[in-house]
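This report refers to the structure that appears directly beneath it.
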Amino acid sequence: MIKLELQSVGVAYGHNLVVKDVTFQVMPGEMVGLIGPNGSGKSTIIKAISRVISLHSGKILLDGKDVFKMPRGDLARSLGVVPQMSILPSAFTAFEIVLMGRNPHLGLLQYESKKDMAITWQAMERTATQPLAERIVCELSGGEIQRVVVARVLAQEPKSILLDEPTANLDIRHQIEILDLIKSLCLEKNLMVVIALHDLNLASQYCDRLILINNGTVHAQGTPEEVINSQNIKEVYGADGCVYAHPVNGLPAVILKAGNSRHANSRDTIEGGII
Amino acid sequence: MALEQLKPSSTGQAIPIHLPHWRSRIYGILGLLILLTVVVGFATTFGSVQIPFSTIFGTLLSKLPLVDITPVWPSTTETIILDIRLPRVILAGLVGAALAVAGATYQGLFRNPLADPYLIGVAQGASLGAVIGFLLPFNWQGMGFGLIPLLAFVGALLSVAIVYNLARVGKALPVTTLILAGVALGALLGSIVSYLIITSGEKMHGILFWLMGSFSLSEWTEVKVVLPYIVVGVVIILLYSRSLNIMQLTEEQAQQLGINVEKVKLILLAAATLITAAAVSFVGTIGFVGIIIPHAVRLVWGADYRFLLPLSILTGAVFLILADLVARTALAPTEIPIGVITAICGAPFFLYLLRRKRKAVFF
């Protein structure tokens, strides 16, 4: 059975253990959200899975194989990453960026074949980035850049995609555009998707399962209903009583109100005080 | 709305687009190859004795296998062409190509538009080696050349090796540390060179002339010694040109796209350093070519290293052959140091390109 599996993973920066004993699995066609406060270790977990940083303890298995013992090329053929801030070289065209996704499929002496070009072009069609093909990166907006990076990951033809807050700098239209795209790709290509998200509402709407990380450990995992509840949100984020049912589909929704943090003045906490 | 826009591919047909600049790059490579041939011939005709182009052409053809041409020109002309001018022109082309490709590689490796082949101590190391060679009371003639190029070559490689070891953090080689270590060691070596020049007395003129670069002592021996280093280095760099493209993303993204970043960095660094060291050890530290030629190519043909590198090689060769032509003919019989010419002729041309293209971003 193909799956992505983390077995009591620990990651340390120096002597500082930032991720401790994280265990979860991702199945094909499943979109798993990593949620948790800033600095809780979401990005670190993404980096560990993609082998950008090394493990302190535990194991990460992809398709039964230890990620850290695979050749980098093999790993890149089965695992694609959309980073948090997609820093792209500004003078390259969008097409050239997407074409880079074919790199793990090419040998040292190989040049991109017609097939590679076609795969690249299809990836751009799928992400609606074809009209951007000849534009250079510095002319693209944040949303366009994220779509180009998703196209690059698609051109990689991976079995699994990791995303590190891909919607962090986007407006709501572009947020749902990217996530709709990821969700439909996940189902259509039977991909294993791990996505770190800040926005609890987006996480609740799009993910099949959520893993709530706090201080580097798994605080809760399960369906959005099981994870996003008043108690968990209060324990992890310190915000009280802000979980409601989504009016359309009933999934948990987090609606914040002012004066709910430990920095609040007492006058702000009056019910309905600031709208 | 968003979903409609992003429906799965209905057509699925392969339409590799006609990216016009891809075609222009291929034409650029072909055009530059032709230009290079013409420039080699052209530069060979000029000198203290004017030799017609047809003679040059005939001489060169007659040296090819399977071509039988009876010479209608005096044998002294043949000597001038084959033993004096041609090695000089070819060495200038080789060094121009080497510096341009090394500059482009360093710029890509460091993701820094200000990088040039001398950024991490090659020039200062070579200079120190050469100056020591000038100041030694004896000389040594092995392999057909003197001690100076040998010491320059060793100095260049040694200084980069020191910089590399200073900058290394465990297995990783952070590029910022590398640049800073290179600049610091370069300053140290540079000051030693300055001190040695000031105290060198009558040898000062020779040293300064070497530092600004000259092809006046070029013979086939030099070409034969330099050629293998440059060819091997260039081939290695060209093999890794796709990796160089991907490393323009962050190192993290490059790793996630299957690149062994530390290994590629080391290979490219070694190759670029080797060809720079080989190039400068015979002809001195010629400036400007290594930083400006790659940028000029970027301005015209874009940033893709798979085209940038070959285009830089050809442009660098053409540029330095022409610069050397000016250096030896403009004030003949006095030779102007080539470093002066590269900047005087190259800078205005580059500034013209910069203004004409008016691109805000080309790196």
- What average count of beta carbons from other chains do you get within 10 Å of the Cβ of residues in B:195-208? 0
- Message: Once you keep just the Cα pairs under 8 angstrom separated by 6 or more residues, what percentage relative contact order results for the range B:49-357?
- Response: 28
- Message: I need the shape label for chain B. Rule: rounded when a/c is under 1.5, else prolate if a/b > b/c, else oblate, with a, b, c from the alpha carbon gyration tensor.
- Response: oblate
- Return the percentage of antiparallel bridges among DSSP beta bridges fully within the protein assembly as shown, rounded to the nearest 5 %. 60
- Query: Under the rule of -39500 (n - 2.57) per DSSP H run of 4 or more residues, summed and divided by the residues of the protein assembly as shown, what mean residue ellipticity at 222 nm is obtained, to the nearest 500 deg cm²/dmol?
  - Reply: -17000 deg cm²/dmol
- Karplus-derived HN-Hα couplings along the range A:142-150 (A = 6.51, B = -1.76, C = 1.60, θ = phi - 60°), whole Hz, x at Gly and Pro: x, x, 5, 4, 4, 5, 5, 5, 4
- Task: Please list the non-local residues whose amide H lies under 5 Å from the amide H of residue A:253, H modeled 1.01 Å from N, same-chain partners needing a gap of 5 or more.
- Result: A:244, A:245, A:246
- Item | Which of B:67, B:232, B:101, B:131 has the fewest Cβ neighbours within 10 Å, and the rest in rising order | B:67, B:232, B:131, B:101
- Note on the structure: Between the Cα axis of helix B:20-45 and the main Cα principal axis of chain B, the angle (0 to 90°, nearest 10) is 0
- Query: Applying 1/(1 + (r/R0)^6) with R0 = 25 Å to the Cβ-Cβ distance of residue B:67 and residue B:221, what FRET efficiency is obtained, to the nearest 0.05?
  - Reply: 0.45
- Roughly what angle does helix B:175-198 make with the longest principal axis of chain B, taking Cα atoms, 0 to 90 degrees, to the nearest 10? 20
- Query: When the chain is fully extended, how far beyond the present Cα-Cα distance does residue B:111 get from residue B:54, taking 0.36 nm per residue of separation?
  - Reply: 15.9 nm
- Query: Using a Förster distance of 56 Å, how high is the FRET efficiency between residue A:245 and residue B:352, based on the Cβ-Cβ distance and rounded to 0.05?
  - Reply: 0.25
- Task: On a C-alpha basis, how far is the centre of the range B:46-67 from the centre of the range B:284-307 in Å? Whole number, if you could?
- Result: 31
- Query: By its C-alpha gyration tensor, with a ≥ b ≥ c as the square roots of the eigenvalues, how is the range A:1-155 shaped: rounded for a/c under 1.5, else prolate for a/b larger than b/c, else oblate?
  - Reply: prolate
- Item | 10 Å Cβ neighbours from other chains, averaged over peptide A:174-186 | 2
- Query: In what order do B:164, A:13 fall by count of nearby beta-carbon atoms within 10 Å, going from fewest to most?
  - Reply: A:13, B:164
- Task: Return B:210, B:301 ranked ascending by Cβ neighbour count within 10 Å, so the fewest neighbours appear first.
- Result: B:301, B:210
- Enumerate the whole-percent occupancy of each 10 Å bin, from 0 to the last occupied one, for all C-alpha pair distances of the protein assembly as shown. 3, 14, 21, 20, 16, 12, 8, 4, 2, 0, 0
- Message: If I fit a long axis through the Cα atoms of helix B:261-283 and take the longest principal axis of the Cα atoms of chain B, what angle between them do I get, 0 to 90°, rounded to 10?
- Response: 20
- Take the Cβ-Cβ distance between residue B:231 and residue A:223 as r, set R0 to 60 Å, and report the resulting FRET efficiency rounded to the nearest 0.05. 0.45
- Over the range A:4-225, calculate the relative contact order: mean separation of alpha carbon pairs under 8 Å at least 6 apart, over the residue count, as a percent. 32
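Bear in mind these aren't lab numbers, they're just calculated from the coordinates by the rules spelled out. Just so it is clear, the model here is predicted, and its values are computed rather than measured. As a convention, Cβ positions derive from the backbone with ideal geometry for all residues, glycine included, and neighbour counts pool all protein chains shown.
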